[in-house]
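These notes are about the structure you will find just below.
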Amino acid sequence: MNVELSRRGFLTAAGVGVGGTALGAFGFGDLEVAHAAAIRPFKLVNTMETRNTCPYCSVACGVILYSKGDLRKGENADIIHIEGDADHPTNRGTLCPKGSALKDFVKSETRLRYPMLRKPGSSTFERISWDQALDRVARLMKTDRDANFISANKDGIPVNRWTTVGFLAASATTNETAYLTYKVVRSTGIVCFDNQARV
Amino acid sequence: MTNSWTDIRNTDLVIIMGGNAAEAHPCGFKWVTEAKATRGAKLIVVDPRFTRSASVSDFYAPIRQGTDIAFLLGVINYCMLNNKVQWEYLKAFTNAAYLVNEGFTYQDGLFTGYDPNKRDYDRSTWEYQIGLDGFAMVDETLQNPRCVWNLLKAHVAAYTPEMVERICGTPKDKFLKVAEMISECSTPTKTMTSMYALGWTQHSKGSQNIRTMAMLQLILGNIGVRGGGMNALRGHSNIQGLTDVGLMSNLLPGYLNIPVEKEKDFGTYMASRAFKPLRPNQTSYWQNYKKFFVSFQKAMWGDAANAENEFAYHYLPKLDVPQYDVLRVFEMMHDGAINGYFCQGFNALLAFPNRKKVTESLSKLKWLVVMDPLDTETSRFWENHGQYNDVDTASIQTEVIQLPTTCFAEEDGSLTNSGRWLQWHWAGGTPPGEARHDNWIMGQLYRRLRALYEKEGGAYPDPILKLTWNYQNPDEPTPEELAKEINGYAVETLHDPADPTKVVLEKGKQVVNFSVLRDDGSTACGCWIYSGCFNEAGNNMARRDNADPGDTGAYPGWTFAWPLNRRILYNRASADLQGKPWDPSRKLLEWDGEKWTGYDVPDIAPTAKPDVVGPFIMNQEGTARLFVRGLMRDGPFPVHYEPFEAPIENVMAPKIRGNPVARVFKDDLAQFATSEEFPYAATSYRLTEHFHYWTKHNWVNSVLQPEFFVELSEQLAAEKGIADGSWVRVWSKRGSVKAKAMVTKRIKPLVCNGKTVHVIGIPLHWGFMGRALKGWGPNSLTPFVGDANIETPEYKAFLVNIEPTTAPVTS
């Protein structure tokens, strides 16, 4: 059973019932308007629900994202609420003090919005475009790889490794991102490759 | 985890040691509560602090951090001396009866073959006696003095309750109560589960901490059964996945290995990976290694990986050291040997030990690329934040490029939880500003780098130019496309080897799972252990059937668990040698005379006879290893070693400091303190209101826990004149921090080897970015040394000093 839907259905039905029959029938029309105006509308009405999982610890509780706007229709979607997924077998709707405040993470003021560059010795970041950032990184990689790639060891055996650039992968990216990262990093010969697993 | 969060409800006894699930994994801990409420299960907590897990336990025993092996070997000794052993399980399913090489000995804290100069062992004697038939010799009566069981008995004999008290500071009566409660789970119908986390891993002998409990669980017959197992709670949402997919210097996806230099060609590489069974009729599943390796190479390089070029064996880098782990890499960076570095969602400045050294290392980079949803300390390591990050900005010549990424709520894809469930999730929000998906960023970096190599040529471009990249939109591979590649597909049409006229799978179709992978290049598979996650049935990770047939806690229709949707690893061990469940009320699998049936996907060939084929199919023995041969660097049996910084000497082997084979870099050795200089035993941990260094960016969590503090006992506070809520300075040989003091009854002084040991607790959630008040993390203080096998830094046991001070000047 979808608990969310049934609860919302109940509230909607109850609202219509009270407004349309009881109060109206007793002739409290004005009161009804004033009363209705004083009640905050239920904030999850007309929101898009999306199933997700909490990105913090590895219990991986099910969560539901509520957003204004539907990404799958190509709209912008603004997440206005996040709560536990009652259908999830592990957490059954509950969340801890971290999971309960997940919306604050999504909406954090210190979320990054634009690519930035800090030049050597500078005391500030300056905004750059994605093209500038990515072209710069690709060039830095190529220059270093071409200069420092080790094709063979002293015995002439192919070793094909690149030790002067390292890549530290994350602990909360998806398996699909992890695999793509693996492909790209390994294809270059980078060996200084690690993730949070051993830390 | 061998089991899952929802399986914990099936247990009779939970032991939380090396973790604190009630605070660090609150919604998983509810299954402990469920077991207590519905089964009458008991909870034991062994921890230096009286944690919130301890507050709801049935029994709490204090322990000094870094002494878990002594405690657990003491429990094993207790079980052996009191005949608390699941004998049938032990004899049939472990290597207890195997005979060990005559040359193998143990004395004064060291095994045969130690070389103090190399800080390493020659492990050649750590082996079984091999008979004329080529198999390991066994004595099923367990009488032979060289059998594993008798060697183990001699090895643990020194760990008496008195010795445990002397080393661990656990009062003898409390230790004995824990040992007695644990030992009751040696009957076939009583089960204990072990829940542990970074309290066990972050030690210079972390791997052996875990191994010791695994041995105890085997002796009790608790592996492979419902409500049992070794359950690593794991720290981050996809730490399991990143490990499984092999994003480590020495791994290929699915726990295959990157070649080392001496493996000069594919034949040499495979020669040491034959995995010939060590006992008759055993599975030794790694015999399929070549199929998984070749299928991976095909996924990476397609037609460019073929039989003529050893499946592009030389496209892979070859290692000249065991691993380029982060400690080694930061040592190299400190030496100026690293020019560029990428941090993808990783706040290295606060995550790696000895922050001073980390800052110095990052400052030597020519360039640093940070990809993150948040504005991290690492991306601003060059920015002066007063005493919180006191750097000379102008002198730091590192170019820093900060790339904004999406977060979980703005992306599709799967994460693997600690129970090995690959759970798909969907994007529900638009990313802020110009933040982009990691897949787009990695795709763009690759495409641009490849374009440069196409245009200009350069050093060995082949592995880059020939990388498989057949995505519909080459600028941004979709999560579904990547998941299908991970699952694997037929490169050529596959025919039945027994009947070549019969087609098994058409070219281009998804393989059903890894059982159909081949070593001739006709299949491709990105990560064999995940195969089955996205086959012709669709995206199995997105399944949401939460029915639980038989009320076992398995939820087989919910998402996908690796391997093969198996919910409990080694589950064949839940039944006896006739194939009958040890505990009929907790049936998992049963032998029906022809095949295995039950609630879970059998972890054995479905028709493997119960009295012939052993349950530990990944091992060449078919059994689990109480004696691990030469497979771990620091010994085939665990040994108590002190942390590198310890408040007392090693009372069993006074000459040995730390783990005798842990790697120590020269400059770091000089930065290890003695208890004369730094008398207090410190440890680090999480709080329930925060997640690492992320949630300090959140308003709610910053309100709940706004400020850095340290915990100390009332006794130490009185000794030092420290009032609750006052400011203290805590410093080690490597750094100094200021914090509010939380004087607590939750930590009490311990008496170890006749000496009073005070413990100081240091939570890890503060830095200089975000909404919480500025502060420090424990990494300003901790030593730069890791576990002897896998190099996890020793964060949980180090030495500090403490004194009252005044409030820091706010910047």
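With respect to B:Lys796, determine if the residue is surrounded by 24 or more Cβ atoms within 10 Å (Cβ to Cβ) and touching a strand residue (DSSP E or B) at 6+ places or on another chain (Cβ under 6 Å). Write out each step before concluding.
On the way: surrounded by 24 or more Cβ atoms within 10 Å (Cβ to Cβ): yes; touching a strand residue (DSSP E or B) at 6+ places or on another chain (Cβ under 6 Å): yes.
Yes; evaluated as a whole, the condition is true for this residue.
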Does segment A:137-146 contain at least one residue that is closer than 18 Å to B:Tyr315 by Cα, surrounded by fewer than 19 Cβ atoms within 10 Å (Cβ to Cβ) and touching a Gly at 6+ places or on another chain (Cβ under 6 Å)? yes
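Here are B:Glu590, B:Glu645: which of them is assigned to a strand (DSSP E or B) and either touching a Ser or Thr at 6+ places or on another chain (Cβ under 9 Å) or not small (Gly, Ala, Ser) (or both)? Reasoning before the result, please.
Details: B:Glu645 fails: assigned to a strand (DSSP E or B).
Step by step, each of B:Glu590, B:Glu645 is checked, and only B:Glu590 is assigned to a strand (DSSP E or B) and either touching a Ser or Thr at 6+ places or on another chain (Cβ under 9 Å) or not small (Gly, Ala, Ser) (or both).
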Listed by range, helices (runs of 4 or more DSSP H) wholly within segment B:183-267 having at least 3 residues that are at pLDDT 95 or above and touching a helix residue (DSSP H, G or I) at 6+ places or on another chain (Cβ under 6 Å) are B:206-219, B:239-244
Quick check: anything in segment B:682-702 assigned to a loop (DSSP other than H, G, I, E, B) and either over 30 Å from A:Ala170 (Cβ atoms) or outside the structural domain of B:Phe798 (by TED's automatic domain parsing) (or both)? no
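Taking into account only those residues within segment B:89-129 that are of a type in the set (A, V, I, L, M, F, W, C) and within 30 Å of B:Asn571 (Cβ to Cβ), which is surrounded by the most Cβ atoms within 10 Å (Cβ to Cβ)? Walk me through how you get there before you give the answer.
Restricting attention to segment B:89-129, the residues satisfying the condition of being of a type in the set (A, V, I, L, M, F, W, C) are B:90, B:92-93, B:96-97, B:99-100, B:104, B:110-111, B:126.
This time we only want the ones that are within 30 Å of B:Asn571 (Cβ to Cβ), so: B:90, B:92-93, B:96-97, B:99-100, B:126.
Numbers: B:Leu90: 22, B:Ala92: 20, B:Phe93: 24, B:Ala96: 28, B:Ala97: 21, B:Leu99: 21, B:Val100: 26, B:Trp126: 23.
That would be B:Ala96.
Matching residues to (1) buried (at least 22 other Cβ atoms within 10 Å of the Cβ); (2) under 25 Å from the mean Cα position of the chain (by Cα); (3) more than 28 Å from B:Lys748 (Cβ to Cβ):
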| residue | (1), (2), (3) |
| --- | --- |
| B:Asn3 | yes, yes, yes |
| B:Asn10 | yes, yes, yes |
| B:Ala24 | yes, yes, no |
| B:Lys36 | no, no, no |
| B:Arg39 | no, no, yes |
| B:Lys42 | no, no, no |
| B:Ala54 | no, yes, no |
| B:Phe59 | no, no, no |
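Quick check on A:Arg92: is it within 22 Å of B:Trp694 (Cβ to Cβ) and either at the interface with another protein chain (Cβ under 7 Å from one of its Cβ atoms) or among the charged types (D, E, K, R) (or both)? Lay out the reasoning, then the answer.
Numbers: within 22 Å of B:Trp694 (Cβ to Cβ): no; either at the interface with another protein chain (Cβ under 7 Å from one of its Cβ atoms) or among the charged types (D, E, K, R) (or both): yes.
It is false that A:Arg92 is within 22 Å of B:Trp694 (Cβ to Cβ) and either at the interface with another protein chain (Cβ under 7 Å from one of its Cβ atoms) or among the charged types (D, E, K, R) (or both).
Can you find, within segment B:474-498, the residue that is nearest to the chain's Cα centre (by Cα) among those that are under 23 Å from B:Ala542 (Cα atoms) and polar (S, T, N, Q)?
Here is the first cut: in segment B:474-498, the residues under 23 Å from B:Ala542 (Cα atoms) are B:476-490.
From what is left, the residues that are polar (S, T, N, Q) are B:478, B:487.
Working: B:Thr478: 29, B:Asn487: 23 Å.
If we take residues in segment B:474-498 being under 23 Å from B:Ala542 (Cα atoms) and polar (S, T, N, Q), then B:Asn487 is nearest to the chain's Cα centre (by Cα).
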Just to check your reading of the model, which residue among B:Arg567, B:Arg518 is in a loop (DSSP other than H, G, I, E, B), surrounded by fewer than 24 Cβ atoms within 10 Å (Cβ to Cβ), basic (Lys, Arg) and not assigned by TED's automatic domain parsing to the domain that holds B:Leu220? B:Arg518
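Tell me the residue from B:Gly429, B:Gly433, B:Gly458 that is within 7 Å of chain A (Cβ to nearest Cβ), surrounded by 21 or more Cβ atoms within 10 Å (Cβ to Cβ), part of a loop (DSSP other than H, G, I, E, B) and not aromatic (Phe, Trp, Tyr), please.
Details: B:Gly433 fails: surrounded by 21 or more Cβ atoms within 10 Å (Cβ to Cβ); B:Gly458 fails: surrounded by 21 or more Cβ atoms within 10 Å (Cβ to Cβ).
From the options B:Gly429, B:Gly433, B:Gly458, the qualifying one is B:Gly429.
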Filter the strands (runs of 3 or more DSSP E) completely within segment A:136-199 down to those with at least 3 residues that are facing chain B (nearest Cβ under 7 Å). A:158-168, A:190-194
Segment B:307-330, residues that are of a type in the set (D, E, K, R) and either in a helix (DSSP H, G or I) or free of Cβ contacts under 8 Å to residues at least 24 places away in the same chain (or both): B:Glu308, B:Glu310, B:Arg328
Give the residue, chosen from B:Val737, B:Val730, B:Val757, B:Val751, that is within 30 Å of B:Lys666 (Cα to Cα), surrounded by fewer than 23 Cβ atoms within 10 Å (Cβ to Cβ), at pLDDT 95 or above and away from chain A (no Cβ under 14 Å). B:Val757
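Look through segment B:61-88, keep the residues that are of a type in the set (Phe, Trp, Tyr) and touching a residue at least 24 places away in the same chain (Cβ under 8 Å), and return whichever of them is surrounded by the most Cβ atoms within 10 Å (Cβ to Cβ).
From segment B:61-88, those of a type in the set (Phe, Trp, Tyr) are B:71, B:78, B:87; that's our starting set.
Checking which are touching a residue at least 24 places away in the same chain (Cβ under 8 Å) leaves us with B:71, B:78.
Working: B:Phe71: 26, B:Tyr78: 22.
Ranking the candidates gives B:Phe71 first.
Could you list, in sequence order, all residues of segment B:744-769 that are assigned to a loop (DSSP other than H, G, I, E, B) and not aliphatic (A, V, I, L, M)?
Just the residues of segment B:744-769 that are assigned to a loop (DSSP other than H, G, I, E, B), to begin with: B:745-746, B:748-749, B:753-754, B:758, B:764-769.
Hits for segment B:744-769 are B:Lys745, B:Arg746, B:Lys748, B:Pro749, B:Asn753, B:Gly754, B:His758, B:His765, B:Trp766, B:Gly767, B:Phe768.
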Between a first residue in segment B:31-53 that is under 14 Å from B:Ala21 (Cα atoms) and a second residue that is in a helix (DSSP H, G or I) and at pLDDT below 95, which pairs have beta carbons less than 6 Å apart while being 6 or more apart in sequence or on different chains? none
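When you check B:Met195 against the structure, is it in contact with a strand residue (DSSP E or B) (Cβ under 6 Å, 6 or more places away or on another chain), of a type in the set (A, V, I, L, M), within 21 Å of A:Ser171 (Cβ to Cβ) and in contact (Cβ under 8 Å) with a residue 24 or more places away in the chain, yes or no? Spell out the reasoning first.
Details: in contact with a strand residue (DSSP E or B) (Cβ under 6 Å, 6 or more places away or on another chain): yes; of a type in the set (A, V, I, L, M): yes; within 21 Å of A:Ser171 (Cβ to Cβ): yes; in contact (Cβ under 8 Å) with a residue 24 or more places away in the chain: yes.
Here the answer is yes, as B:Met195 does meet what is asked.
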Residue match in segment B:132-153 (condition: surrounded by fewer than 23 Cβ atoms within 10 Å (Cβ to Cβ), of a type in the set (Gly, Ala, Ser) and assigned to a loop (DSSP other than H, G, I, E, B)): yes
Restrict the check to segment B:161-182 and report whether at least one residue is within 26 Å of B:Thr2 (Cβ to Cβ) and part of a loop (DSSP other than H, G, I, E, B). no
Residue within segment A:93-104 that is buried (at least 17 other Cβ atoms within 10 Å of the Cβ), more than 24 Å from B:Ser702 (Cα to Cα) and either among the hydroxyl-bearing types (Ser, Thr, Tyr) or in contact with a strand residue (DSSP E or B) (Cβ under 9 Å, 6 or more places away or on another chain) (or both) present: no
Answer yes or no: is there a residue in segment B:524-542 that is away from chain A (no Cβ under 14 Å), surrounded by 16 or more Cβ atoms within 10 Å (Cβ to Cβ) and within 19 Å of B:Asn288 (Cβ to Cβ). yes
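To keep it simple, each residue is scored yes or no on (1) buried (at least 23 other Cβ atoms within 10 Å of the Cβ); (2) among the hydroxyl-bearing types (Ser, Thr, Tyr); (3) over 30 Å from B:Ala741 (Cα atoms).
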position	(1), (2), (3)
B:Met652	no, no, yes
B:Asp668	no, no, no
B:Tyr680	no, yes, no
B:Thr688	no, yes, no
B:Tyr693	yes, yes, no
Search segment B:392-418 for residues that are within 18 Å of B:Phe342 (Cβ to Cβ) and at the interface with chain A (Cβ under 7 Å from one of its Cβ atoms) and pair each with any residue that is in a strand (DSSP E or B) and not β-branched (Val, Ile, Thr) when their beta-carbon atoms are under 6 Å apart and the residues are at least 6 apart or on different chains. B:Thr398/B:Leu368; B:Glu399/B:Trp367; B:Val400/A:Arg118; B:Val400/B:Leu368; B:Ile401/A:Leu117; B:Gln402/A:Met116; B:Leu403/B:Met371
I'd like to know if segment B:342-350 contains one or more residues that are assigned to a loop (DSSP other than H, G, I, E, B) and either touching a Lys or Arg at 6+ places or on another chain (Cβ under 8 Å) or of a type in the set (D, E, K, R) (or both). no
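The values are calculated or read from the model by the stated rules, or taken from the named source; none is laboratory data. Everything quoted here is computed from the prediction, not taken from an experiment. Neighbour counts are summed over all protein chains in view; Cβ atoms, including those assigned to glycine, are modelled from backbone coordinates with ideal geometry.
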